[in-house]
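Following: one structure in structure tokens, then a few remarks.
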Amino acid sequence: MHSFRRRPIDINKKLPVVRSTKELNWEEDFGTNKDGTAVAQSMEAFVDEDTIEAKDGGDKTKTTVKEIPVPLASETARIAGQEKWVRGESYYTHKTMPSPDEEVEYFLDPEAWVALRDLNNGAFKEAPIAEEAFELVLDQLDKDAARTEQLPALAVAQMHLGARAKLSAEAVKAAYDHWLMRRTRDRKPLIMRLRPPPDAEDPDPWVAFRPREPVGGRKKRLNNQKSLQLMQTLRAEFERLVQLTELIRQREELKREYISVVVTTTEVAHRTLLARLSRAQAAAAHAGGGIA
């Protein structure tokens, strides 16, 4: 095992690229081994695998360095019948995507599926309504209402959606009635994308996708009509709490006075009974003494 003494290294000096120990500069001081021999002498005795020894025709042996092989690329024959490659006009083939208004975003939910099943088992048993057509009608009605901010008319829906969904006027009317019933009842679109985001001030813990307050952060109060109503409600609740507390205090005072009166009455009654008992005992003792 060799050991090298510590010495400063010149970081600006370029390291030589060598392929054999024969190319090293032995004049440089590499340090000494544990046995005192120079490291350079030990390295000179080392036989490198990249060096070969050959005789140059005489008795002298010449040490040469092996040549580093350089890889060469060989041509590959083309496959017979292969056409010559031609660069196209564009790297990517662009496909026109349908607009959000043309693409159907609504899918039948359980309530709509039950309504469609009842329609196909009832009035439209002979010509059932397809699920895709039912979804298309509800989807377009929802988008038209969101675009115009008012409920679309039945006649307009029958004229435009009847031919597109390949449905009769009665089938479009049945889908329109179902959609109108749900929009009037729920007061929100059937398509999730068209629904407005929930109010950040909504205290309902079951409302999803509303911003949460950071832990330890201060809540930002809004100076609007809703905040005023919340503060007024909070004040009314505190006033009611004060009234209830006052009523409880009056009740406890009445209970204390009642107990005081009961105790006093009991003591007076006991004194009266004790006085009667003492007089009866005295009369009995006097009568007994007279008889004796």
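Quick one: is R117 open to solvent by 10 Å² or more (accessible area, probe 1.4 Å) and over 14 Å from A174 (Cβ atoms)?
no
So R235 clears everything in (1) modelled with pLDDT of 85 or more; (2) more than 30 Å from E111 (Cβ to Cβ); (3) loosely packed, with under 10 Cβ neighbours inside 10 Å; (4) basic (K, R) except one condition, right? Which one?
(3)
Here are P110, P152, P98: which of them is open to solvent by 90 Å² or more (accessible area, probe 1.4 Å) and of a type outside the set (D, E)? Spell out how you get there, then give the answer.
On the way: P152 fails: open to solvent by 90 Å² or more (accessible area, probe 1.4 Å); P98 fails: open to solvent by 90 Å² or more (accessible area, probe 1.4 Å).
Sole residue among the options that is open to solvent by 90 Å² or more (accessible area, probe 1.4 Å) and of a type outside the set (D, E): P110.
How many residues are surrounded by fewer than 17 Cβ atoms within 10 Å (Cβ to Cβ) and under 12 Å from L151 (Cβ atoms) when one looks only at region 188-197? Before you say what the answer is, go through the steps one by one.
Just the residues of region 188-197 that are surrounded by fewer than 17 Cβ atoms within 10 Å (Cβ to Cβ), to begin with: 188, 192-197.
Pick out the ones that are also under 12 Å from L151 (Cβ atoms) and you get none.
Total satisfying the criteria: 0.
I'd like to know if region 132-140 contains one or more residues that are in contact with a Pro (Cβ under 9 Å, 6 or more places away or on another chain) and open to solvent by less than 50 Å² (accessible area, probe 1.4 Å). Give the steps one after another, and end with the answer.
Taking region 132-140 and keeping what is in contact with a Pro (Cβ under 9 Å, 6 or more places away or on another chain), we get 140.
Of the ones still in play, those that are also open to solvent by less than 50 Å² (accessible area, probe 1.4 Å) are 140.
Yes, some residue in region 132-140 is in contact with a Pro (Cβ under 9 Å, 6 or more places away or on another chain) and open to solvent by less than 50 Å² (accessible area, probe 1.4 Å).
Of all residues in region 116-156, which are aliphatic (A, V, I, L, M) and over 17 Å from Y106 (Cα atoms)? So that I can check it myself, show each step before the final result.
Going residue by residue through region 116-156, those that are aliphatic (A, V, I, L, M) are 116, 119, 123, 127, 129-130, 133, 136-138, 141, 145-146, 151, 153-156.
Correct list: L119, A123, A127, L151, A153, L154, A155, V156.
Would you tally the residues in region 135-172 being over 20 Å from N121 (Cα atoms), assigned to a loop (DSSP other than H, G, I, E, B) and in contact (Cβ under 8 Å) with a residue 12 or more places away in the chain?
Adding up the residues that qualify gives 1.
For region 173-186, which residues satisfy the criterion of being free of Cβ contacts under 8 Å to residues at least 60 places away in the same chain and over 12 Å from D139 (Cα atoms)?
K173, A174, D177, L180, M181, R183, T184, R185, D186
The values are calculated or read from the model by the stated rules, or taken from the named source; none is laboratory data. On a predicted model such as this, the values are computed, not experimentally measured, just so you know. Counting neighbours? That spans all protein chains shown, and the Cβs are built from the backbone with ideal geometry, glycine included. Quick note on the areas: whole protein, heavy atoms, side chains included, nothing else; ligands and nucleic acids left out. Shrake-Rupley method; radii C 1.70, N 1.55, O 1.52, S 1.80 Å.
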